[in-house]
Protein chains: 2
Amino acid sequence: MGVEIERKFLVPDGAPVPDGPESEIRQGYLVTDPGGAEARIRRRDGACTLTVKRGTGLVRGEWETPLDAGQFAALWPATEHARIDKTRRTVPLGPHEAVVDTYRGRLAGLRTAEVEFADPGRAAAFVPPPWFGPEVTGRPEYGNRELATAAGPPRP
Amino acid sequence: MGVEIERKFLVPDGAPVPDGPESEIRQGYLVTDPGGAEARIRRRDGACTLTVKRGTGLVRGEWETPLDAGQFAALWPATEHARIDKTRRTVPLGPHEAVVDTYRGRLAGLRTAEVEFADPGRAAAFVPPPWFGPEVTGRPEYGNRELATAAGPPRP
């Protein structure tokens, strides 16, 4: 339950994204509240999980449990209003790694890269590789919850 | 997903509640949103379930899946802010049945009886038995979600 320090960038069409292992991610929100709590289900390749998050800042809590395929199938229809389908590629980037998400469905055309850092100093010193596009760190329209209910990719 | 027609009453201390089968119910809310959506887990005797409800009125949806004991245990801590513990007794009442809930913990002292009807006519014609107390149908402070976060029993 530590604090995550991340920077997020767009990855333009045709950018030479390096190779890396890929997985298919499908996630949907069961319930979200404006205060930041959420219950989400996700299938990554074959593995399904239910995650509950509550609170903000230092009092943030996260709880998770695996679901079997039948449980996931029973709950998936409840997420119809808020879903994301994407392919995630993990790309080594010197001492870091970039998580490159290519969205499908309503969000087709959107591709983002996220890099997580151990501390704020390293985050500030990070030099994006040439295949990264504009930075969108902190822009709420690129958050998972917002993307899940967006009609299409945000305007860059 | 039909419409439920129910009336709810208080059951005073010392009222002669008829015998009936009992079960222990423990439930907690993972996430609720002000628009009416909720994700709830419940253990009734040994059986655990996760239920998601969305929407109001005619477009109400409900989805449910069983959970095993390990999944319930992993998620239960996420409900610390909103829990209910009660003993439920089911009592035959002529053509109907009353569900009598005796609350524990913070809500100790509260006991309610609920009767479900097939149609509004039968609901209106229902004559409460002498052991029923004041009617609280439609009073939001006696709803499940509200009780789950109440500091104590509502004032009658």
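The values are calculated or read from the model by the stated rules, or taken from the named source; none is laboratory data. Since the structure is predicted, the reported quantities are computational estimates derived from the model, not experimental observations. Counting neighbours? That spans all protein chains shown, and the Cβs are built from the backbone with ideal geometry, glycine included. These area figures cover heavy atoms from the full protein model, side chains too; ligands, DNA and RNA do not enter into them. Shrake-Rupley method; radii C 1.70, N 1.55, O 1.52, S 1.80 Å.
Once you mark the GluC sites (Glu not before Pro) that are in a DSSP loop and have at most 14 other Cβ atoms within 10 Å, what is the longest gap between them in chain B? The partial results should precede the final answer.
Details: sites that count: B:Glu4, B:Glu80.
Value returned for the longest uninterrupted segment is B:81-156.
Mind running the shape call on the protein assembly as shown? Use the C-alpha gyration tensor, a ≥ b ≥ c as the square roots of the eigenvalues: rounded below 1.5 for a/c, prolate if a/b tops b/c, oblate otherwise. Because a/c hits 1.5 or more and a/b exceeds b/c, the protein assembly as shown counts as prolate. Cross-link partners of B:Lys53 among lysines, defined as those whose alpha carbon lies under 29 angstrom from its own and excluding same-chain residues fewer than eight positions apart: A:Lys53, A:Lys86, B:Lys8, B:Lys86. Karplus-derived 3J(HN,Hα) values for the range B:92-101, using 6.51 cos²θ - 1.76 cosθ + 1.60 with θ = phi - 60°, are x, 9, x, x, 10, 9, 9, 9, 9, 9 Hz; glycine and proline are entered as x. A simple rule links phi to the HN-Hα coupling: the Karplus curve 6.51 cos²θ - 1.76 cosθ + 1.60 with θ = phi - 60°, which for the range A:24-36 gives 9, 10, 10, 9, x, 9, 6, 8, 10, 10, x, x, x Hz, with x for Gly and Pro. With the label put 7 angstrom out from Cα along the Cα-to-Cβ vector, B:Arg155 ends up 5.3 nm from the copy partners, going from closest to farthest. Which whole-number value in Å² is the accessible area per residue of the range B:69-156, probe 1.4 Å? Result: 50 Å² per residue.
The interface between chain A and chain B buries about 1700 Å² of solvent-accessible area in total (1.4 Å probe, ligands and nucleic acids excluded).
Phi-derived couplings, Karplus 6.51 cos²θ - 1.76 cosθ + 1.60 at θ = phi - 60°, listed residue by residue for the range A:140-156: x, 5, 9, x, 4, 4, 5, 4, 5, 10, 6, 6, x, x, x, 6, x Hz, with x used for Gly and Pro.
What a 1.4 Å probe finds exposed on the range B:2-147 is 53% carbon and sulfur by accessible area, rounded to a whole percent. Here B:Thr137 yields copy-to-copy label distances, from shortest upward, of 5.9 nm, the label point defined as 7 Å from Cα along Cα to C-beta.
Using heavy-atom solvent-accessible surface (probe 1.4 Å) with all chains present, what is the largest-first order of B:Arg111, A:Arg26? Kindly include the intermediate steps, with their values, before the conclusion.
Values: B:Arg111 50, A:Arg26 75 Å².
Sorted by accessible area, descending: A:Arg26, B:Arg111.
With an 8 Å cut-off on Cα pairs and a minimum separation of 6 or more residues, tell me the relative contact order of the range A:2-147 in percent. That works out to 32 percent. Across the identical copies, the label point of A:Arg104 (7 Å from Cα in the Cβ direction) is separated from its matches by 4.7 nm, in order from shortest.
Given a 1.4 Å probe and heavy atoms of the protein chains only, how would you sort A:Lys8, B:Lys86, largest accessible area at the top? Could you put the intermediate results ahead of the total?
On the way: A:Lys8 25, B:Lys86 0 Å².
Descending order: A:Lys8, B:Lys86.
For the range B:1-89, what does the alpha-carbon gyration tensor say about shape, rounded, prolate or oblate, given a ≥ b ≥ c as the root eigenvalues, a/c under 1.5 as rounded, and a/b over b/c as prolate? Oblate shape, in that a/c is at least 1.5 and b/c is the bigger or equal ratio.
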